[in-house]
Amino acid sequence: MKKIGILFGMENTFPNAFIERVNSKGEPDIIAEAVTIDKVAQAAPTEYAVIIDRISQDVPFYRAYLKNAAISGTAVINNPFWWSADEKFFNNALAEKIGVPVPKTVLLPSKERPDGTSETSFRNLAFPMAWEEIFEYVGFPAYMKPHDGGGWKSVYKVVNPHDMWFKHEETGQLVMMLQEEIEFTDYVRCYCIGQKDVLIMPYEPRNPHHLRYASELKATGEEREKLLETIKDYTLRLNQALGYDFNTVEFAVRDGIPYAIDFCNPAPDADIYSVGPDNFEWVVEAAANMAIERAKQQVPGQVNLTWGTFMKDAIQTAPSQKASEPTPEPIPSAKEVNVKAVTPKKSVKPPKAGGDEPIAEPDPQMPTQRAAVTKAPAKNSKLKKS
């Protein structure tokens with residue numbers, strides 16, 4: 001018997017509907033249930049072939065549990081290792097590389113220094129930064145948001161540099177990004193399940209939360225069909241590159257071009273009271289089918305995680321030793337290393353009784369370019385003194 005588990009928190013409608021839908025399909029030797037955790041021992045396998053993760057982004061204990069489960073064979077959706085590393089600013093950069101339009105975006109240092117750091121920790125950061133170039137590149141109005149956040153938390157609309165500085169004071173240690181505003185004629189939110197099934201939902205982010213899905217596309221006819229085709233293509237590209245099997249992507253449409261605004265939502269809202277009955281039905285059915293498929297594919301004891309093309313391509317193109325290169329000498333083991341005692345040519349004389357105290361060593365100094373350039377070469381150096 002293979003178990004499909006779902007790990008969740010406050011939400012009620014989707015987890016229960018998901019469990020019922022999987023079990024209603026009558027797949028032999030497959031059953032779904034809510035995950036139960038009573039003990040987490042290192043490298044110990046769980047009883048689940050598949051776990052749908054809906055909450056670990058808020059509970060570090062759950063995230064550690066899922067990683068431990070994954071290395072022992074559980075197919076965790078979404079991949080907890082990649083999800084831990086991913087963030088929105090990187091997503092924007094990746095989207096640009098794979099040909100998906102995104103707003104102009106820059107990264108901003110945090111207003112407050114991280115705990116345990118000082119001014120010296122930031123000696124590599126130019127002061128002041130090239131703010132005029134940054135503002136000219138992004139333009140105003142713009143949006144300032146956490147580079148790795150979600151759920152519309154700590155998102156600010158800023159209308160000029162003074163407004164940005166004023167609101168930046170509230171962000172504490174958050175690393176923010178400043179993003180071009182896209183004045184849109186249409187806005188959509190797309191579910192992507194299993195990197196193949198896409199549901200495009202008209203969405204109005206300016207409405208109250210419970211009315212955001214009460215919207216219709218303004219584009220019509222051939223323009224509408226072309227727009228929907230492009231949005232589906234971009235949605236699949238993004239999720240296949242990132243490796244997410246359960247995600248949403250938001251697009252703002254300007255001058256007929258869909259710009260990806262938000263596409264790092266690996267535990268997206270699926271509540272029937274916010275997405276609506278029709279969208280809810282689609283998500284439950286697609287998620288159940290995907291989980292059953294992954295359970296059938298799962299091989300106990302092996303890693304059954306999904307990795308995106310970004311990671312796969314990076315591994316395939318990683319530099320490796322060429323056949324023509326000589327094999328490096330093996331590093332000797334501890335037993336093979338002979339350590340010779342070396343007696344110094346001149347012994348260090350201890351300070352005489354009643355004499356001066358030994359001089360303390362000066363604090364180490366950071367080498368400068370001037371010091372490095374003017375330092376005389378060693379006697380056996382091939383370089384000549386100038």
Item to check | Estimated distance in nm for a label pair at LEU107 and LEU211, the labels positioned 7 Å out from Cα along Cα-to-Cβ | outcome: 3.9
Next on the checklist: Output needed for the range 24-175: three equivalent-ellipsoid semi-axes, defined as square roots of 5 times the C-alpha gyration tensor eigenvalues, in descending order, whole Å.
Outcome noted: 40, 20, 14
Next on the checklist: Net charge within 15 Å of PRO208 by Cβ-Cβ distance, Lys/Arg positive one each and Asp/Glu negative one each, not counting PRO208 itself?
Outcome noted: -1
Item to check | Under the Debye formula (equal points on every Cα, no solvent term), log10 I(q)/I(0) of the range 121-275 at q = 0.09, 0.13 Å⁻¹ | outcome: -0.35, -0.71
Item to check | Relative exposure of PHE310, PHE61, judged by other C-beta atoms within 10 Å (fewest first) | outcome: PHE61, PHE310
Next on the checklist: Taking just the alpha carbons, could you work out the radius of gyration and Dmax for the range 155-219, both in angstroms?
Outcome noted: 16.2, 45
Item to check | Full-extension gain in nm, LYS226 to TRP131, via 0.36 nm per residue minus C-alpha separation | outcome: 30.3 nm
Next on the checklist: Just to check I understand the Karplus step: with θ = phi - 60° and J = 6.51 cos²θ - 1.76 cosθ + 1.60, what whole-Hz values come out for the range 283-291, glycine and proline as x?
Outcome noted: 5, 4, 5, 5, 5, 5, 4, 5, 5
Next on the checklist: If I model a spin label at GLN42 and ASP29 as a point 7 Å from the Cα along the Cα→Cβ vector, what separation in nanometres do I get?
Outcome noted: 3.3
Checklist entry - Say each of THR309 and LYS157 gets a label point 7 Å from the Cα, pointing the same way as Cα to Cβ; how far apart are those two points in nm? => result 3.6
Checklist outcome for this item: Taking only the Cα positions of the range 7-95, the convex hull volume per residue in Å³ is 132
Checklist entry - According to the Kirkwood expression over distinct Cα-Cα pairs, how big is the hydrodynamic radius of the range 104-180, in Å? => result 13.1
Checklist entry - Does a label point 7 Å from the Cα of ASP278, set along Cα-to-beta-carbon, have any residues of the range 166-203 with amide nitrogen under 17 Å, and which are they? => result 187-191, 198-203
Checklist entry - In sequence order, what are the phi-derived ³J(HN,Hα) couplings for the range 185-200 according to the Karplus relation 6.51 cos²θ - 1.76 cosθ + 1.60 with θ = phi - 60°, rounded to whole Hz, with x for glycine and proline? => result 9, 9, 9, 9, 10, 10, 7, 10, 10, x, 6, 9, 9, 10, 10, 9
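FYI, it's all coordinate maths here, none of it is from the lab. What you see is a predicted model; the values in this text were computed from it and never measured. Neighbour counts run over all protein chains shown; Cβ positions are idealised from the backbone, glycine included.
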